[in-house]
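The values are calculated or read from the model by the stated rules, or taken from the named source; none is laboratory data. Remember, predicted model here, so these are calculated numbers, not experimental data. When we count neighbours, we look across all protein chains shown, and the Cβ atoms used for this are built from the backbone with ideal geometry, even at glycine.
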């Protein structure tokens, strides 16, 4: 299985996951996650569209492969070092809980609850 290719490089590394890049984008506020729209194969964008269309009731549940790819992206997103700095003090506990929760999230329902919890602290992975 080849890793997904993203149009950027950085120096910070995320935890080992199957298909997302291990690099983050260098930013003044800390290494930031890649944006799913920058993925070049189209696989991640297709998985995101399938998930969002399902969430609004306009498509069947995404395939297991699409959900696994989306979960990998969410892991890449939430483990970005920039959140350590921006959540320091106010949302440290919630960030730790989100990082733990995404490691076991697999279904569309679990990913949806996780995404909703991100929005609760001002993070929007999609």
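In this structure, does residue 61 turn out to be modelled with pLDDT of 85 or more and out of contact with any helix residue (DSSP H, G or I) (no Cβ under 8 Å at 6 or more places or on another chain)?
no
Which residues, taken from the stretch 82-115, are touching a helix residue (DSSP H, G or I) at 6+ places or on another chain (Cβ under 6 Å) and outside any helix (DSSP H, G or I)?
87, 105
I need a count of the residues in the stretch 42-71 that are in a helix (DSSP H, G or I), out of contact with any strand residue (DSSP E or B) (no Cβ under 7 Å at 6 or more places or on another chain) and surrounded by fewer than 20 Cβ atoms within 10 Å (Cβ to Cβ).
The total comes to 10.
Look through the stretch 18-34, keep the residues that are touching a residue at least 24 places away in the same chain (Cβ under 8 Å) and under 14 Å from the mean Cα position of the chain (by Cα), and return whichever of them is surrounded by the fewest Cβ atoms within 10 Å (Cβ to Cβ).
Step by step, filter the stretch 18-34, then rank; the result is 18.
In the stretch 116-126, what residues are in a helix (DSSP H, G or I), surrounded by 14 or more Cβ atoms within 10 Å (Cβ to Cβ) and without any contact (Cβ under 8 Å) to a residue 40 or more places away in the chain?
Within the stretch 116-126, just 117 meets the criteria.
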